[in-house]
1. Which whole-number percent gives the relative contact order of region A:27-137, counting Cα pairs below 8 Å spaced six or more residues apart?
2. Using only Cα atoms and rounding to the nearest 10 degrees, what angle (0 to 90) does helix B:148-163 make with the longest principal axis of chain B?
3. Kindly state, to the nearest 0.05, the FRET efficiency for residue B:230 paired with residue B:62, given R0 = 35 Å and r defined as their beta-carbon distance.
4. Pick from B:130, B:110, B:353: which is most flexible by mean-square fluctuation in a GNM of chain B where alpha carbon atoms under 10 Å apart are linked?
5. Among B:375, B:74, A:55, rank each residue by its count of other Cβ atoms within 10 Å, from fewest to most, as a rough exposure measure.
6. Mind giving me the FRET efficiency for residue A:135 and residue B:121? R0 is 41 Å, r the Cβ-Cβ distance, nearest 0.05 is fine.
7. As an exercise, take the mean of 1/r over every pair of distinct alpha carbons in chain B, invert it, and state the Kirkwood radius in angstroms.
8. Any idea what log10 I(q)/I(0) is at q = 0.15, 0.18, 0.22 Å⁻¹ for region A:19-136, Debye with uniform C-alpha scatterers and no solvent?
């Protein structure tokens, strides 16, 4: 692994608020919080629903489908762990259920990324955690 | 809105600025530069620096009022205040908090200030290199999304997409800043002109931002002194009356993980109507605008949300000819601003707004300036704004 940067990319450390999300990812399921009262989806986790203020909430599996709301192409070396990836995309996918998820698009060149593209989740597995990335649908 | 008792009750009467340096190049400690700026502002106003009895700053400034007061020989402190939030969102807010304290009688002479020495304390806005990240960062950092430039580039990209805005609109903002800086000897970019080709050929930081779409990083300090309108009339310079101030944030703008409901915004939509209502003027009466540039795209959205053009007019309106001090329809960032004068977190935009009212800017408008406006900190939460006037109109 001689080409591995000395400082590696950061990875999520699940906490009480996010553990169902990351546990779901490890099992290949995109899990979101959903209000049991008005059925509105939400991310990241929070105690009450923005729409109806109910605190009655559960976690449900989302479709894993969404649309590219926006993106940027990063050229600047900022974090050493990403130096070998430059230029890389950072993207915001608006899930069909409503919440937005920051991610990287895979399986598409930077030049071909468009706002409004339909995308689907594509899991990137690491030793202890799995990241939801997205590829063109 | 009912009549505001704040309108025209206070004025900016003193300006102080150290020399402005590139990041890490200041020869003095931050605290000393802050003291210097406050002393210069008191001298400019024609008051004894020990009479200052109110202090206000922003962006978690490290130079706290109690220690400044001890060093300055301040007789007593009646008001000390920090405007919450990072970045430059509190530039106008610190001035308006100082002014509100004066208007309410907590103090009589207040200073709003900002000091920054990044060689001494490290760069502003740098991220962590921890291997494991928790909380909201767990949803962003693993994707290499960790810098303000990226976050704001994506907001701006969405605005450009929704309104079919071309890159040239952002270029016009950078060109105007450098155009003005070439006439301003204080500017760090004085003597370093920027051409349209230079902009086009400059490297990308994060698309859609070129290098010249991003603010500088600088060291220095700046301060402005605020007192009552009555006292202001007896001081050295013509007062720049504070006609209106607004501060705050729109609905859930600080929602984490890029989930703010209104995404492609500079966050001025609910401030602008409050600001204009308090001032009793509209955008068509604003003679000159200083609009905080963390990134040019934020200026673009701020100019729109403060009513100077519609989103659909951006491509035609945003041109160097529009923004020049010498004949432009909306003279913009007439000192060079954060891009080309100094990134003093936008306090230097307020000193320039005052100079335009006084008639002392190196890029002085060739016509009377009655209304001079500042917007601070697009795309952050909270943001703030100010309208200054040559007459108090009380």
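1. Relative contact order here is 22 percent.
2. It works out to around 70 degrees.
3. Efficiency, from the Cβ-Cβ distance: 0.55.
4. B:130
5. Values: B:375 31, B:74 21, A:55 11.
With the sparsest Cβ surroundings first, the list reads A:55, B:74, B:375.
6. Efficiency, rounded to the nearest 0.05: 0.45.
7. Numbers: mean 1/r = 0.0482 Å⁻¹.
Across chain B, the inverse of the average 1/r is 20.7 Å.
8. These q points yield log10 I(q)/I(0) values of -0.72, -0.96, -1.21.
Every number here is computed from the coordinates shown, using simple stated rules; none is lab data. What you see is a predicted model; the values in this text were computed from it and never measured. All Cβ positions, even for glycine, are placed from backbone atoms using ideal geometry, and neighbour counts span all protein chains on display.
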